[in-house]
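Engineer: Take this structure first; my questions come after.
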Amino acid sequence: MLSIFGNSKPAQGIDEHEKLSLFVDLNSREMKIVDGFMHERNYLKNEVIFDEGEEGQAIYFIRTGKVLICHQGQTAQAIALLERGNFFGELALLDDAPRAAQARAAEDCTLAVFFRGDFFVLMHSHALIASKIALQLARHLGVRLRGAVRKQQELV
Amino acid sequence: MNRERYRSGPLVWLAILGATCLLLFLFQKILWLVVPFLLALIAYYLLFPLQQRLILGGMSRDSSATLVSGGAFTLATGVMLLAFPWISSHLVSWQDSGARYIEGGLRFIAESLAWAERNYTFAAKAHLSEQLTRQISELGDKFAGTYLAEAALTAAAWLPSLLLAPFLAFFFLRDGWRFKMFLSRAVPNAFFERTLYLLDQVERTAQLYFQGLIKLTLLDTLCLACGLWLIGVSTPLALGLMTAVLAWVPYVGSILGCLLVVLVAATDFPGDPAMAYAAIALCVWVRLLDDFFFMQITIGRSLKLHPLLTVVMIFVGGAVAGVAGLMLVLPLLGVVMVLGQTVGGIVTDPRLRARHVFAKELRHRQVTRDLHS
């Protein structure tokens, strides 16, 4: 009967590389809970994933392919070129502030998407899982902040 | 590039209100399916946290859904089977109590009318007390033959559809997430985030509404039970709970609940009409608390509706679909409002539409690449 929903398995296991970044503290049972919230999307080369200034709703994990992060209309001056195992749009997990840059598929790619609403559901239903993710996210943002400060000091 | 947050215009709002009325009309026609669906939703929201705990404990989604629904169904069946002998043994005394309470209530009304006839000439001229006694006597003669058989037939017709509720709740638990994924996969990439947001908001609105309703019922029960206990009316907790559950039907339910309380108060204190008036005052006070305080912190907050719109739509719901419309109009409006605002936001966003067209072109180019060579 459920065949009408097609291939309805949750997005298949987030790979080890991704686990190292955001889900490193989660055990396999906790990962099963998170997997249930993951959506899988396929993008073609040059397809826009999200625009700069758009209200952010989700964080993206690169499963295959490459993603270009740039300012709108400035694809030649890339801010970053992300590969398999990287994630982007992480600030959307915290609030619905506008996206700071545009994300485009640099080649055909498959992404796993984790929605902020589901993260809030996790905070209510599985506070431990949500706090582990939040801790990793805070560490990641801390690393980025220190990097930005170091860059600024080098410039000065 | 910061885009302004979308605000619905008059056309979108007209569409939202029109769609709500149309759905209410349709739902009234398939009430046999809507009621078990709502009961199943309530059961789903109650059982979902338990299912999540089992998944965290290492169980698969399907097994946990089967275990949780099976457990709840077995528990409910067990409670009913255990309660059956007790209910049978108390049925006669309940029937006697019911008759006693109705008699007490009628006596209270007759005494109140007699008092009005003694004190006011217009009431004396209208012979209200005499008319009421005659009408009640006529109703009593016809009741068993006309209404009782009809009520029994309606209950028998509803029973099979109510049995759908546990069945639906099981499938919500087992396949709810599959359905959500199925819906989100059907959405083009350009509209994906907005649609996820929509699904989340619809689910959140429904969840908050039902949770708010349960909280409101608990608050009403506590307030009424305390008030009735202070007045000295018998079985205050059960009476408070029944009145609070009846209040799920806006307006009509509150009046029915108030009548119930007055019947019991008038029977408990036959020679003291002041107690019945105190019970009426208590019901009005709790109703006011509901409207101005409790509803704001429970249901009102979940739906984020303007108070004027809420009241107008309750009347519209009643006019379109009767008692069912009164009950369904607010949650339905909440869901349709979220749907309308999100669809309005997508349709009126030229950038999203342009991205969708661009993605379609890319896909077309990809699948036709070899055709031109």
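Engineer: Give me the pairs: first residue in the range B:206-218 and open to solvent by 60 Å² or more (accessible area, probe 1.4 Å), second residue part of a helix (DSSP H, G or I) and of a type in the set (S, T, N, Q), beta-carbon distance under 7 Å, and six or more apart or on different chains, which are they?
Structural biologist: Listed by first residue and then by second, the contacts come to B:L208/B:S302.
Engineer: Another question, then. Kindly indicate the residue of the range A:74-99 that is facing chain B (nearest Cβ under 10 Å) and not in a helix (DSSP H, G or I) and also surrounded by the most Cβ atoms within 10 Å (Cβ to Cβ) among those meeting that condition.
Structural biologist: A:G89
Engineer: Identify the residue in the range B:177-200 that is at pLDDT 85 or above and open to solvent by less than 50 Å² (accessible area, probe 1.4 Å) and, among all such residues, is nearest to the other protein chains (Cβ to nearest Cβ).
Structural biologist: Step by step, filter the range B:177-200, then rank; the result is B:E193.
Engineer: Please determine whether any residue of the range B:57-64 is within 12 Å of chain A (Cβ to nearest Cβ), open to solvent by less than 70 Å² (accessible area, probe 1.4 Å) and aliphatic (A, V, I, L, M).
Structural biologist: Yes, the range B:57-64 contains at least one residue that is within 12 Å of chain A (Cβ to nearest Cβ), open to solvent by less than 70 Å² (accessible area, probe 1.4 Å) and aliphatic (A, V, I, L, M).
Engineer: Taking the range A:44-73, which residues are in contact (Cβ under 8 Å) with a residue 40 or more places away in the chain and more than 9 Å from chain B (Cβ to nearest Cβ)?
Structural biologist: Residues satisfying the conditions are A:I59, A:Y60, A:F61, A:I62, A:R63, A:T64, A:G65, A:K66, A:V67.
Engineer: Do we have any residue at all in the range B:98-106 that's modelled with pLDDT under 75 and exposed (fewer than 12 other Cβ atoms within 10 Å of the Cβ)?
Structural biologist: yes
Engineer: Considering only residues that are open to solvent by 30 Å² or more (accessible area, probe 1.4 Å) and either within 14 Å of another protein chain (Cβ to nearest Cβ) or at pLDDT below 80 (or both), which ones fall in the range A:16-33?
Structural biologist: If the condition is that a residue be open to solvent by 30 Å² or more (accessible area, probe 1.4 Å) and either within 14 Å of another protein chain (Cβ to nearest Cβ) or at pLDDT below 80 (or both), then A:E16, A:H17, A:K19, A:L20, A:S21, A:N27, A:S28, A:R29, A:K32 are the ones that fit.
Engineer: Another one. Being part of a helix (DSSP H, G or I), modelled with pLDDT of 85 or more and farther than 30 Å from B:A65 by Cβ is true for just one of B:L218, B:L239. Which residue is that?
Structural biologist: It is B:L239.
Engineer: Same structure again: Name the residues in the range A:100-121 that are more than 13 Å from the chain's Cα centre (by Cα), open to solvent by 10 Å² or more (accessible area, probe 1.4 Å) and farther than 15 Å from A:E47 by Cβ, would you?
Structural biologist: The answer is A:A100, A:A101, A:F120, A:V121.
Engineer: If you check B:G78 against the conditions, is it open to solvent by less than 60 Å² (accessible area, probe 1.4 Å) and outside any helix (DSSP H, G or I)?
Structural biologist: The answer is no for B:G78.
Engineer: Restricting to the range B:241-266, name every residue that is closer than 21 Å to B:L106 by Cα and open to solvent by less than 20 Å² (accessible area, probe 1.4 Å).
Structural biologist: Those that are closer than 21 Å to B:L106 by Cα and open to solvent by less than 20 Å² (accessible area, probe 1.4 Å): B:T243, B:G253, B:G257, B:V261, B:V262, B:V264, B:A265, B:A266.
Engineer: Continuing with this model, one more query. Is one or more of the residues making up the range B:229-236 of a type in the set (V, I, T), open to solvent by less than 70 Å² (accessible area, probe 1.4 Å), modelled with pLDDT of 80 or more and not in a helix (DSSP H, G or I)?
Structural biologist: Yes, the range B:229-236 contains at least one residue that is of a type in the set (V, I, T), open to solvent by less than 70 Å² (accessible area, probe 1.4 Å), modelled with pLDDT of 80 or more and not in a helix (DSSP H, G or I).
Engineer: Give me the pairs: first residue in the range B:263-274 and within 12 Å of B:V233 (Cβ to Cβ), second residue not hydrophobic (A, V, I, L, M, F, W, C) and not in a helix (DSSP H, G or I), beta-carbon distance under 6 Å, and six or more apart or on different chains, which are they?
Structural biologist: So the pair list comes out as B:D268/B:S234.
Engineer: Would you mind finding the one in B:L54, B:L47, B:L33, B:L41 that is among the aliphatic types (A, V, I, L, M), open to solvent by less than 70 Å² (accessible area, probe 1.4 Å) and in contact with a Phe, Trp or Tyr (Cβ under 7 Å, 6 or more places away or on another chain)? Talk me through it step by step, then tell me what you get.
Structural biologist: Numbers: B:L54 fails: in contact with a Phe, Trp or Tyr (Cβ under 7 Å, 6 or more places away or on another chain); B:L47 fails: in contact with a Phe, Trp or Tyr (Cβ under 7 Å, 6 or more places away or on another chain); B:L33 fails: in contact with a Phe, Trp or Tyr (Cβ under 7 Å, 6 or more places away or on another chain).
Exactly one of B:L54, B:L47, B:L33, B:L41 is among the aliphatic types (A, V, I, L, M), open to solvent by less than 70 Å² (accessible area, probe 1.4 Å) and in contact with a Phe, Trp or Tyr (Cβ under 7 Å, 6 or more places away or on another chain), namely B:L41.
Engineer: Just checking, does the range A:50-57 include any residue being modelled with pLDDT of 75 or more and not in a loop (DSSP other than H, G, I, E, B)? Reasoning before the result, please.
Structural biologist: Here is the first cut: in the range A:50-57, the ones modelled with pLDDT of 75 or more are A:50-57.
If we keep only those that are not in a loop (DSSP other than H, G, I, E, B) too, we end up with A:50, A:55.
Looking through the range A:50-57, at least one residue is modelled with pLDDT of 75 or more and not in a loop (DSSP other than H, G, I, E, B).
The values are calculated or read from the model by the stated rules, or taken from the named source; none is laboratory data. Everything numeric in this text was worked out from a predicted model, so none of it was measured. We place every Cβ from the backbone using ideal geometry, glycine too, and count neighbours over all the protein chains shown. For accessibility, only protein heavy atoms count, side chains too; no ligands or nucleic acids. Shrake-Rupley method; radii C 1.70, N 1.55, O 1.52, S 1.80 Å.
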